[in-house]
1. For region 36-72, how many residues meet the condition of being of a type in the set (Gly, Ala, Ser) and under 14 Å from the mean Cα position of the chain (by Cα)?
2. Quick one: which of VAL142, VAL133, VAL210 is β-branched (Val, Ile, Thr), within 14 Å of the ligand (Cβ to nearest atom) and on the phi < 0 side of the Ramachandran plot?
3. Quick test of your reading of the structure: ILE220 fulfils all but one of (1) within 16 Å of the ligand (Cβ to nearest atom); (2) buried (at least 19 other Cβ atoms within 10 Å of the Cβ); (3) closer than 30 Å to ASN146 by Cα. Name the failing condition by number.
4. For residues that are among the aliphatic types (A, V, I, L, M) and crowded, with 20+ Cβ neighbours inside 10 Å, scanning just region 253-275, find the one that is nearest to GLY153 (Cα to Cα).
5. Which of (1) touching a Phe, Trp or Tyr at 6+ places or on another chain (Cβ under 7 Å); (2) within 16 Å of the ligand (Cβ to nearest atom); (3) of a type in the set (D, E, K, R) does ASP159 not meet, given it meets every other one?
6. Residues that are within 30 Å of ALA14 (Cβ to Cβ): list the strands (runs of 3 or more DSSP E) wholly contained in region 189-271 that include at least 3 such residues.
7. Looking at THR167 and the list (1) in contact with a helix residue (DSSP H, G or I) (Cβ under 9 Å, 6 or more places away or on another chain); (2) β-branched (Val, Ile, Thr); (3) crowded, with 21+ Cβ neighbours inside 10 Å, which single condition is not satisfied?
8. Select, from GLY185, GLY175, the only residue that is within 17 Å of the chain's Cα centre (by Cα) and away from the ligand (no atom under 16 Å from the Cβ).
Amino acid sequence: MRYYTILLNGEEKAAASRDGKDLFVLDAFADMNALIASGGIREIPKDAQKVSVSDAQLLSPIPRPLQDVLCLGINYTAHAEEAERFSRESFGGERPYPIFFAKRVCYSQGNNAPIPAYTGLVDSLDYECELGVIIGKDAKNVKRENVTDYIFGYTIVNDVSARNLQTRHKQWYFGKSLDGFTPMGPCIVSADEFAFPPKQKIRCRINGEVRQNSSTGNLITGIADIITMLSEGMMLKAGTVIATGTPAGVGMGMTPPTFLKPGDVVECEIEGIGTLRNYVE
Ligand code: MG
């Protein structure tokens with residue numbers, strides 16, 4: 001099943017689709033967080049209102065995450081190398097354990113929405129196409145063999161980053177958390193639609209030029225380890241979004257580093273989920 005949040009007559013509505021073409025409005029759920037907590041649906045209700053995806057205004061599938069988005073830093077090998085080249089102090093060194101951090105998301109915008117450039121505050125605006133894992137039920141002390149029971153589905157997250165703020169403040173939180181820095185979408189695909197762990201092509205294009213091109217099978221710390229490690233000491237509430245890290249090819253990794261500017265179009269694509277398109281404003 002594919003789950004969307006759409007704007008219908010000025011109201012946010014959760015919707016579901018089998019084929020990604022016809023959406024059916026799910027009036028029984030107040031929003032996507034309620035739908036996730038319920039475990040989702042097996043069948044589309046017979047009386048559900050139908051909307052064509054091409055006519056619908058797609059919002060982020062989870063416009064208001066209940067908690068900060070949890071993130072993995074430096075979780076693809078080639079990205080580790082390019083990040084260290086950019087700033088050894090901020091991104092280099094030995095890492096026997098994964099880097100976990102969080103980003104604040106008051107409002108996540110969806111497909112075709114702008115990414116604010118914050119000209120004057122940010123001089124190095126960057127993109128990070130990532131597989132987002134959505135936790136389906138409260139998870140604490142999850143055993144490795146049970147991890148899949150806790151995954152509701154997958155989406156695409158663009159972990160937009162201000163490199164100058166990340167390095168200036170030593171800690172990545174602020175540089176990742178500016179309003180508008182977490183576009184998500186275009187939908188959540190339920191976990192049963194993928195093998196585990198998902199090994200899907202992941203790509204990012206800037207103004208049509210392919211910059212990132214890898215597979216979600218190349219994570220250094222895989223999804224089972226991420227959920228096992230985090231839940232050992234911390235409750236992962238239903239609806240939690242985990243951004244699993246970005247492959248090589250971000251702007252800070254280019255020679256010379258090349259950052260986003262107003263007017264640029266960022267397309268994050270993951271095979272089987274779709275394309276999340278945003279423009280810089
Ligand atoms: Mg990231």
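The values are calculated or read from the model by the stated rules, or taken from the named source; none is laboratory data. Quick caveat, the model's predicted, so the values are computed rather than measured. Counting neighbours? That spans all protein chains shown, and the Cβs are built from the backbone with ideal geometry, glycine included.
1. Within region 36-72, residues that are of a type in the set (Gly, Ala, Ser) and under 14 Å from the mean Cα position of the chain (by Cα) number 1.
2. Of the residues listed, the single one that is β-branched (Val, Ile, Thr), within 14 Å of the ligand (Cβ to nearest atom) and on the phi < 0 side of the Ramachandran plot is VAL133.
3. Going through (1) within 16 Å of the ligand (Cβ to nearest atom); (2) buried (at least 19 other Cβ atoms within 10 Å of the Cβ); (3) closer than 30 Å to ASN146 by Cα one by one, ILE220 breaks only (2).
4. Checking each candidate, the answer is ILE273.
5. (1)
6. Of the strands (runs of 3 or more DSSP E) lying wholly inside region 189-271, those with at least 3 residues that are within 30 Å of ALA14 (Cβ to Cβ) span 201-206, 241-243, 265-270.
7. All conditions are met except number (3).
8. That would be GLY185, the only listed residue that is within 17 Å of the chain's Cα centre (by Cα) and away from the ligand (no atom under 16 Å from the Cβ).
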